[in-house]
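The values are calculated or read from the model by the stated rules, or taken from the named source; none is laboratory data. Treat the numbers as computed from the prediction; the structure is a model and nothing was measured. Virtual Cβ from ideal backbone geometry, glycine too; neighbours counted across all protein chains shown. These accessible areas exclude ligands, DNA and RNA; they are computed on the full protein's heavy atoms, side chains included. Shrake-Rupley method; radii C 1.70, N 1.55, O 1.52, S 1.80 Å.
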Amino acid sequence: QVQLLESGGGLVQAGGFLRLSCAVSGRSLSSYSMGWFRQAPGKEREFVANINRSGGSTYYADSVKGRFTISRDNAKNTVHLQMNSLKPEDTAIYYCAGSTDYGNSFYVNSYDVWGQGTQVTVSS
């Protein structure tokens, strides 16, 4: 019944920004630690960012540290990923995911609910 729906992807020039959103329905967002993952063409799905249930702890992949910011609004059941200083290598499908068992994790297998993804394309 729980559903995660990503939005906000699109085409942006290198150095630009995008703000991704993930709307959670069917269950309270507070039940989940939330993560963002991405999958580029020809590559495996990789961890991008994670935020715990309270929003007090965040973790980022080294490749996005200092450029991306994950946040959550439990009252609105939404998670965001602010992406600044985008690079062509950020091009990927970005997935929102939730974990009921882990506070902060960068493992794909730690997450039990997933959205269908939103495309982010960064041109050079």
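What the table shows:
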quantity	calculated
R45 paired with A61, simple spin-label distance in nm, labels 7 Å along Cα-to-beta-carbon	1.3
Descending Cα extents along the principal axes, segment 1-44, whole Å	36, 23, 16
Accessible area of segment 51-98 divided out per residue, in Å², using a probe of 1.4 angstrom	46
Isotropic mean projected area of the C-alpha convex hull, segment 54-113 (nm²)	4.7
Portion, in percent, of the accessible area of the chain that falls on carbon or sulfur, probe 1.4 Å	46
Using θ = phi - 60° and Karplus 6.51 cos²θ - 1.76 cosθ + 1.60, couplings along segment 16-26 (whole Hz; Gly, Pro as x)	x, 9, 9, 10, 8, 10, 9, 9, 10, 10, x
Net charge dipole size for the chain [Lys, Arg +1 and Asp, Glu -1 on Cβ; Debye, nearest 20]	240
For segment 84-99, 3J(HN,Hα) per residue [Karplus equation, 6.51 cos²θ - 1.76 cosθ + 1.60, θ = phi - 60°, Hz, x = Gly/Pro]	10, 6, 5, 10, x, 5, 7, 4, 4, 8, 9, 10, 8, 9, x, 10
Given [x] 44, 30, 24; [y] 39, 26, 23; [z] 42, 26, 24, the label whose value is Cα extents along the principal axes in Å derived from this model	[y]
FRET efficiency estimate (nearest 0.05) - Cβ-Cβ, S7 to D112, R0 22 angstrom	0.55
